[in-house]
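Structure first, commentary second.
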Amino acid sequence: AVIGRYKLSVQTGSSSPASLGTFVLLFNPWSSGDDVFMPNKAECEEYVLEEFGIIFAGNKNHISGFGWNFGQFQGDILNICLSIMDRSLYYRQDPVTDVSHRHDPRYLGRVLSAMVNANDDQGVVLGNWSGKYEGGKNPSSWTGSGEILQSWKKSGFKPVKYGQCWVFAAVLTTVLRCLGIPTRTITNFSSAHDADGNLRVDEFYDADGNHLERGADSIWNFHVWNESWFTRNDLGPSYSGWQVLDATPQEESGGIYQCGPASRHAIKEGEVDLDYDCPFVFAEVNADCMYWNYDSATGKKTLIFSKSTEIGDSISTKAVGRDDRVDVTRDYKYEEGSAKERDIFKKARKKLGLEDKFDPTAPTQEEIEQQPDITGKFKVAGSLEVGKDLNLLLVLENLQSDAKTVNVNMTAWSTLYTRRPVNEIWKDSISVTLAPKEEKQFPIKIKYPEYQQQLTTDKTIQVTALCHVEDGIQVLVQRNITLDNPAIDIQVLGEAKVNKEVVVEVAFTNPINTEVKDCVLQVEGSDLLQGILELRIPPLKASEKSSTKFKLTPSEAGPKHLLVNFSCDKFADIKTFKMVNV
């Protein structure tokens with residue numbers, strides 16, 4: 001049976017039917033005959049009934065998580081989810097055929113991955129990766145899907161401004177859980193966006209070490225997509241189970257911005273010829289990485305180095321029944337660098353016809369096999385906090401048994417989480433001589449006032465050192481740094497009971513030596529309060545502590561999550577959450 005709203009009437013004898021009202025039919029993961037049947041009850045609880053989630057972000061060296069209120073059973077959300085289906089391009093082009101396919105989670109997953117983004121179809125959320133968010137909300141300021149879905153409906157179904165990958169994934173989680181399809185968010189660290197489908201991502205740097213925006217390929221610090229659980233009758237039983245869906249508009253599929261469902265098992269086995277969008281997802285977790293030096297005057301590019309183990313790191317999701325991180329990298333690929341993993345990569349290249357085709361943009365075998373004379377890395381010395389100075393060490397080591405002279409050009413840029421450079425923060429160059437087999441450390445200090453104005457709300461900085469070795473090949477040293485916001489503390493004062501007021505206190509200490517102003521506290525939580533509570537807080541002097549109290553009246557018993565987001569002129573979107581046992 002197709003899901004959706006049905007009319008129910010009763011007829012006795014020859015009288016005309018009497019309407020009893022309507023009911024909504026959903027998918028049923030508890031029923032063994034259903035395409036979305038999930039045998040494990042605890043997983044059903046988490047992936048269908050749980051209204052709170054944790055989304056992982058940051059970068060592979062420094063993973064952080066923030067809470068999200070999916071709120072799939074609140075207020076008007078079910079009605080909104082049903083209206084999303086009736087506003088899709090598929091429905092508008094051919095309503096009868098579209099509705100007849102609504103028994104199929106594979107079909108609905110694909111349609112909804114298109115409808116959650118605003119490209120093509122006046123969908124729910126409009127993406128914006130410019131770093132400027134006038135006329136809408138900064139993507140990192142949302143704390144739940146409810147506000148987004150309600151705004152979309154209230155505005156007469158105009159796309160809500162603005163989203164980035166985790167917003168698309170979180171909204172899709174809400175919609176699919178609401179319809180009864182088990183769904184979770186997945187974060188992939190060092191995620192490849194392979195725009196040209198050659199399973200290779202090219203990054204370009206100039207002689208000064210600046211990251212250039214050339215070509216459509218990119219590597220994101222992290223990317224968030226979804227997995228939904230259902231059978232794949234079109235592919236066969238071994239491809240059933242978790243399916244990748246991605247509502248972030250990155251590349252067109254079948255002429256519109258939709259992605260999936262791609263069987264996770266097919267991705268792991270390199271079966272990139274299977275429906276849907278397996279090559280793109282395979283590249284996100286497996287692409288090889290090429291770093292080039294590009295000379296804009298001559299148009300010449302030189303390979304600095306290539307790496308096959310860079311992409312698809314620490315693939316993460318929230319644990320079942322606990323607020324912890326679980327690593328699912330092994331479900332996407334065999335161990336990085338193992339013979340099996342390389343075999344699967346070759347198999348995928350072969351299926352895509354890349355093995356036999358000459359690629360003029362690819363580096364030569366000679367370029368790939370060249371060995372550098374020195375190696376380098378950036379080490380973090382001290383804390384990585386917004387408001388504190390950033391202390392790093394550039395460590396260079398001479399691998400040869402003769403001395404080497406190296407000219408090093410260093411830059412630091414503030415970036416978005418997609419590693420798109422936004423503002424230059426700092427640059428410097430040094431010339432060093434390394435004795436045979438010598439290792440040297442060079443301290444780097446970037447003071448808070450130097451980066452404060454330049455930092456994006458993603459709080460990410462890319463530090464690069466391009467080392468020009470005399471009579472040797474260039475060496476690129478880079479590190480993506482994500483800074484932590486200062487902490488914020490929530491205390492529930494007293495016992496939380498259904499329909500009884502309870503007081504909550506939120507405390508924040510200004511960690512910097514200047515005043516912070518325009519302070520706003522946003523609070524939400526399913527079954528703890530209606531909608532979103534917004535509180536203005538007076539300015540805070542240097543090192544001053546603020547304490548804000550407000551009241552909640554829980555409407556349902558059980559473990560509930562309270563989400564808090566604090567912003568001011570110097571710190572954007574300091575998020576935390578607390579489990580409240582009602």
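The values are calculated or read from the model by the stated rules, or taken from the named source; none is laboratory data. Keep in mind that this is a model prediction, so the values were computed, not measured. Backbone-built Cβ (ideal geometry, glycine too); neighbour counts: all protein chains shown. Ligands, DNA and RNA are stripped out before the accessible areas are found, and what is left, the full protein with its side chains, is counted by its heavy atoms. Shrake-Rupley method; radii C 1.70, N 1.55, O 1.52, S 1.80 Å.
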#### Entry: For the chain: accessible area per residue (Å², 1.4 Å)
42
### Extension reserve of the Lys541-Asp356 stretch, reckoned as 0.36 nm per residue once the Cα distance is removed
60.0 nm
### Query
Helix 105-115 versus the longest principal axis of the chain: what angle, 0 to 90°, nearest 10, using Cα atoms?
70
### Query
Going down the table (Lys60/Lys357; Lys377/Lys427; Lys268/Lys307; Lys60/Lys440; Lys154/Lys500; Lys132/Lys575), which pairs top 28 Å between alpha carbons?
Lys60/Lys357; Lys154/Lys500
### Task
Straight distance only, please: which lysines reach the Cα of Lys158 with their own Cα at less than 16 Å, same-chain residues fewer than 8 apart left out?
Lys137
### Task
Distance between Cα centroids, the range 117-157 to the range 279-309: provide it in whole Å.
33
### Task
First obtain the Kirkwood hydrodynamic radius of the range 47-135 from its Cα pairs, then insert it into the Stokes-Einstein equation at 4 °C and 1.567 mPa s, and state the resulting D in µm² per second as a whole number.
83
### Message
Under 5 Å between amide hydrogens, which residues at least 5 positions from Lys560 or on another chain qualify, with H placed 1.01 Å from N in the peptide plane?
### Response
Val580, Asn581, Val582
### Query
Tell me which aspartates and glutamates have Cα within less than 15 Å of Lys517's Cα, excluding those fewer than 8 residues away on the same chain?
Glu544, Asp569, Asp573
### Task
Report, as a whole number in µm² per second, the diffusion coefficient that Stokes-Einstein gives for the range 371-482 at 25 °C and 0.890 mPa s using the Kirkwood radius over alpha carbon pairs.
168
### Query
Taking the simple approach of a point 7 Å from Cα along Cα-to-Cβ for both Gln93 and Glu45, what is their distance in nm?
4.3
### Task
Output ³J(HN,Hα) for the range 508-515: one whole-Hz value per residue in order, computed from phi by the Karplus curve 6.51 cos²θ - 1.76 cosθ + 1.60 with θ = phi - 60°, and x for Gly and Pro.
9, 10, 5, x, 9, 9, 10, 5
#### Entry: Inter-probe distance in nm under a simple model that places probes 7 Å from Cα toward Cβ, at Ser9 and Ala319
5.4
## Note on the structure
Working note, the range 441-560: Cα radius of gyration (Å, one decimal) and Dmax (Å, whole number) are 22.2, 76
### Task
For the range 129-143, take each phi angle, set θ = phi - 60°, evaluate the Karplus expression 6.51 cos²θ - 1.76 cosθ + 1.60, and give the result in whole Hz per residue in order, putting x for glycine and proline.
10, 8, x, 10, 10, 4, x, x, 9, 4, x, 7, 8, 6, 10
#### Entry: Residues in the range 415-440 reached by a label modelled at Glu470 [backbone nitrogen below 14 Å; 7 Å Cα→Cβ]
431-436
### Query
Taking 1 over the mean of 1/r across every pair of different Cα atoms in the range 1-91, what Kirkwood radius in Å do you get?
17.1
### Summary
Reduced to Cα centres, the span from the range 433-473 to the range 351-387 in Å works out to 18
### Task
Please report the base-10 log of the normalised intensity I(q)/I(0) for the chain, using a Debye sum with one equal scatterer per alpha carbon and no solvent, at each q in 0.05, 0.10, 0.11 (1/Å).
-0.24, -0.93, -1.10
### Summary
If each part is reduced to its alpha-carbon centroid, the range 52-83 and the range 175-205 end up apart, in Å, by 16
### Task
Would you work out what percent of the accessible area of the chain, with all protein chains in place, is carbon or sulfur (probe 1.4 Å)?
48
### Query
If amide H atoms are built 1.01 Å from N in the plane of the peptide, which residues on other chains or at least 5 residues away come under 5 Å of the amide H of Gly65?
Ala57
### Query
Among Cys44, Val432, Leu562, whose Cα sits farthest toward the positive end of the charge dipole of the chain (+1 at Cβ of Lys/Arg, -1 at Cβ of Asp/Glu, about the Cα centre)?
Leu562
### Query
Taking the Cα atoms only, what angle lies between the long axis of helix 339-351 and the longest principal axis of the chain, rounded to 10 degrees?
70
### Task
Return the long-range amide H neighbours of Tyr162 (sequence gap of 5 or more, or a different chain), with a cut-off of under 5 Å between placed amide H atoms.
Lys137
### Whole-Hz couplings from phi, Karplus 6.51/-1.76/1.60, listed for the range 52-66; x for Gly and Pro
10, x, 10, 10, 8, 8, x, 8, 5, 7, 7, 8, 10, x, 9
### Task
For every helix of n ≥ 4 consecutive DSSP H residues, a contribution of -39,500 (n - 2.57) applies; sum these over the chain, divide by its total residues, and give [θ] at 222 nm rounded to the nearest 500 deg cm²/dmol.
-4500 deg cm²/dmol
### Query
For helix 165-178, what angle does its Cα long axis make with the longest principal axis of the chain, in degrees from 0 to 90 and rounded to 10?
20
